[in-house]
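Structure first, commentary second.
Please treat every number below as a calculation from the coordinates, not as lab data. From a predicted model like this one, the values you see are computed outputs, not experimental measurements. Counting neighbours? That spans all protein chains shown, and the Cβs are built from the backbone with ideal geometry, glycine included.
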Amino acid sequence: MPAVEDTDVGKLRVVTRDNGAGLSRDLLIVADALRDEHEVSATRVGPHHLFNQLQHRWEQATHRFRDRFDVQMSLERIYPRLLGSAHRNLLMPNPEWFAPEWIDLLPRFDQVLCKTRHAQALFSALGCDTTYIGFSSVDRLMSEVPRQRAFFHLAGRSSAKGTAVVLEAWRRHPEWPQLTVVQSARKAPTNRIAGNVRLLTGYLDDRDLQRLQNAHRFHVCPSEADGFGHSIAEALSVGAVVLTTDAAPMNELVDADCGLILESTPGAPMGLVRRHQVSVAAIEAGVAQALMLDDLELARRGHAARARFLSRRAQFHLQLRAALHVPRDPVPDTLKHPLEASAPVAVP
C-alpha cells in the first residue's frame, strides 16, 4: 500500500485523563508545543463514569455534523470509543502505566511517539511503528533566587519516587544538610522524621514551590519508574545537581556530566517495565559525592543541567512537529472502527 502524503495537518486533538498532575501537565505541554502551527483541541477526560458516558453520547449524536480530526494524539491512556473520531491516531504512552488490555488496541494506531529511547525499544518490540520525539517539562528557573547547599525531594502524590528510602537515609545521618520534602498529606509518613528533614504536606502555592526548587543545589530523585520524569526535568531546568536512579529512563535524562547516578536493583513489575529500587547505601554514596563537590564543579554541573534541559526541549518541539508530517503507511480501514460502532468504556 503506498504511503499517505500527510503534509497538511489541520485539526488536531490531544486527549488524556485530567488527573490534576502529570497527565494534565503533559496535555498542556504537547498542546502548547503545537499551537503555533496547528489548530489544537485539548480534550480532558474526567474520572467520573457518568460524565464520560454523556460525553460519549454527545459525540455519537453530533459526529455526523462535524468533520473528523485530521490527527488525534492519545497521551498515556487509550479510549477506544474516541479512536474513530480522527483520520489518523497517534499514541504517546507511559510504559509504566500501560494496561495489558491495551496491547490488542495498538494496531489501531498509525504511530507511537516515544518520550524516551526506553519506551521506543519496548513498543518496537510489540510491533509498533515508533518514533522517538523526546519530551519536555515546564521551565522552572528563577535565576534571582539564591542557591544553598541543601537537598530537595519532590514526592507529590506519587508512590514511585523512592521517598521512604530517602527519609530513612536522612534518619541515619543527622549530620547531613537539611532535606526539604514536598509530599501530599495522604502519602506523608506517620512516623517521626529526622530533625534535619523539613516535610511540607499542606497547600503550597506554585510560586513557593518554584522558589524551593531553585533554592536547593541538590535534588534527590531516586524514582522507581517514570514515563519521562517531570521532577527530574524541572530540576535540570533550574540548574540543580540531580541524584537519580541508574535505570531507564531516569538515566537517559541525567548522567555523570550534570548529576549523580545512584545504583539500583530491579524490583516488581509495573505496566510494561519493572520498578528499580535505590537502597539507603546508594543514597549515602550519592550524598557523600555531592558534599565533596566544590563550588566550581557545582556551577559546571548546574550549567550542564540547564543546557541539557534547553537542548532537549528544543529537540522535542522539532521532533514532535516533524512526526506529525512524516508520510506513513496508513492503518487499514478495517482496524479503524467508526465512532458509532465503538462501545463506551469506563474510565477508572
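Under 5 Å between amide H atoms, partner at least 5 residues away or on a different chain: which partners does Val14 have, H built in plane at 1.01 Å?
Distant-sequence amide H within range of Val14: Ser41, Ala42, Thr43, Met73.
Just add up the charged neighbours of Ile193: K/R +1, D/E -1, any other residue whose Cβ is under 13 Å from the Cβ of Ile193. Mind dumping the intermediate values first?
On the way: positive: Arg171, Arg172, Arg192, Arg198; negative: Glu168.
So the environment of Ile193 carries a net charge of +3.
With a cap of 16 neighbouring Cβ atoms within 10 Å, and only residues DSSP puts in a loop, list the GluC sites (Glu not before Pro) found in segment 263-308. Numbers along the way, then the final one.
Details: sites: Glu263, Glu284, Glu297; in loops: Glu263.
Listed in order of number, the matching sites are Glu263.
Of the chymotrypsin sites (Phe, Trp or Tyr not before Pro) in segment 157-223, which ones lie in a loop per DSSP and count no more than 16 other C-beta atoms within 10 Å? All intermediate terms of the calculation are to be shown ahead of the outcome.
On the way: sites: Trp170, Tyr203, Phe218; in loops: Tyr203.
Answer in residue order: Tyr203.
Between the DSSP loop rule and a limit of at most 11 other Cβ atoms within 10 Å, which GluC sites (Glu not before Pro) in segment 150-256 are left?
Counting only loop positions with at most 11 other Cβ atoms within 10 Å, the GluC sites (Glu not before Pro) in segment 150-256 are Glu175.
Between segment 270-310 and segment 88-121, what's the alpha-carbon centroid distance in Å?
Here the two parts' Cα centres lie 29 Å apart.
Would you pull out the residues with amide H under 5 Å of Lys161's amide H, same chain only if 5 or more places away, H placed 1.01 Å from N?
Residues meeting the amide H criterion: Glu224.
Could you please report the charge total around Asp18, scoring K, R as +1 and D, E as -1 over all other residues with beta-carbon less than 14 angstrom from its beta-carbon? Write out the running numbers ahead of the final one.
Values: positive: Arg17, Arg25, Arg44, Arg77; negative: Asp26, Glu76.
Once all neighbours under 14 Å are counted, the net charge is +2.
Count the net charge of all other residues whose Cβ sits under 13 Å from the Cβ of Arg157, scoring Lys and Arg as +1 and Asp and Glu as -1.
+4
Taking a temperature of 4 °C and a viscosity of 1.567 mPa s, what whole-number D in µm²/s does Stokes-Einstein yield for segment 148-313 with Rh from Kirkwood over alpha carbon pairs? If you can, show how the numbers build up before the last one.
Working: Rh = 15.8 Å.
Calculated translational D: 82 µm²/s.
Kindly state, to the nearest 0.05, the FRET efficiency for Gln315 paired with Ala185, given R0 = 35 Å and r defined as their beta-carbon distance. Walk me through the numbers before you get to the answer.
Details: r = 37 Å, r/R0 = 1.07.
Efficiency, rounded to the nearest 0.05: 0.40.
Packing-wise, with mean Cβ within 10 Å as the measure, how do 237-249, 131-143 rank, highest first?
So the peptides 237-249, 131-143, ranked by packing, come out 237-249, 131-143.
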